[in-house]
Amino acid sequence: MGFRTFVLQGGEDEYYTDDRICQLIGDIKASYPDCAVTLSIGEKSRGSYEAYFKAGADRYLLRHETADAGHYKTLHPREMSLTNRKECLYNLKDIGYQVGAGFMVGSPGQSVATLYEDMQFLRELNPHMVGIGPFIPQHDTPMGDKAAGTVDMTVTLLSIIRLLLPRVLLPATTALGTIDPIGREKGLQAGANVVMPNLSPREFREKYAIYDKKICTGEEAAECIECLKKRVGNIGYSIVCDRGDYKVGE
């Protein structure tokens with residue numbers, strides 16, 4: 001069984017200059033021309049985004065995290081701004097990427113009012129993918145003692161987003177499966193239509209343990225696809241392994 005998407009994540013390591021990133025993208029496209037390249041490497045200049053796109057990148061995932069300016073300040077370092085985050089997302093769409101936005105459900109300081117702002121922003125941006133999952137604290141961070149988000153609120157918001165953006169790619173996240181044994185199934189039943197098993201080499205998985213007790217990080221992760229096929233089948237769905245492109249007009 002072959003997978004059709006390469007996801008490059010990061011953005012913190014200065015070693016990966018634009019030239020190196022473009023080289024990586026070009027090498028992947030040369031070796032696997034039928035596969036999509038998805039980037040998730042943070043806020044960059046429009047010029048950088050244009051260079052990656054020209055090199056062959058197809059998608060860019062950049063969670064907006066919150067559309068409320070006050071809430072954004074409580075979640076990010078002082079030098080970051082909601083204005084710049086939104087500008088990045090609009091630049092990505094304008095350049096031609098398939099764009100993903102999103103936020104954590106139950107993040108510290110989130111309220112009904114901030115969630116309303118999120119829904120309004122998503123409707124305005126009209127992204128190709130929306131990634132939401134419950135906030136799960138990580139013990140080594142300043143928010144390590146905060147309460148986690150809930151499955152109930154997450155699946156409710158998945159349903160609202162599905163109604164708001166009928167064709168959007170909407171993942172049932174690993175975070176959902178972490179806080180509830182059948183969380184991903186609940187997400188699919190609420191309107192999600194994407195699952196993303198962890199197939200990265202084992203020695204790198206701990207680097208992506210961005211919250212505590214994350215599932216599918218050991219040797220079993222590469223076999224998650226078979227497990228997912230069975231679990232998804234139990235609720236009347238089937239998994240299709242393709243590039244996962246946004247379907248315009250369908």
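The values are calculated or read from the model by the stated rules, or taken from the named source; none is laboratory data. Keep in mind it's a predicted model, so treat the numbers as computed, not measured. All Cβ positions, glycine included, derive from the backbone under ideal geometry; neighbour counts span all protein chains shown.
Only one residue in Thr66, Thr38, Thr17 is among the polar types (S, T, N, Q) and in the same structural domain as Val168 (by TED's automatic domain parsing). Which one?
Just one listed residue meets the conditions, Thr66.
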Whichever residue in the range 27-63 is polar (S, T, N, Q) and in contact with a helix residue (DSSP H, G or I) (Cβ under 9 Å, 6 or more places away or on another chain) and, among such residues, is surrounded by the most Cβ atoms within 10 Å (Cβ to Cβ): Ser48
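Rundown of residues vs (1) surrounded by 15 or more Cβ atoms within 10 Å (Cβ to Cβ); (2) not hydroxyl-bearing (Ser, Thr, Tyr), yes/no style:
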site: Glu65; (1), (2): yes, yes
site: Gly70; (1), (2): no, yes
site: Pro77; (1), (2): no, yes
site: Leu89; (1), (2): yes, yes
site: Lys93; (1), (2): yes, yes
site: Gly100; (1), (2): yes, yes
site: Pro142; (1), (2): no, yes
site: Ser159; (1), (2): yes, no
Top-ranked residue of the range 6-51 - restricted to ones that are touching a strand residue (DSSP E or B) at 6+ places or on another chain (Cβ under 6 Å) and assigned to a helix (DSSP H, G or I), ranked as farthest from Asp242 (Cα to Cα): Ile25
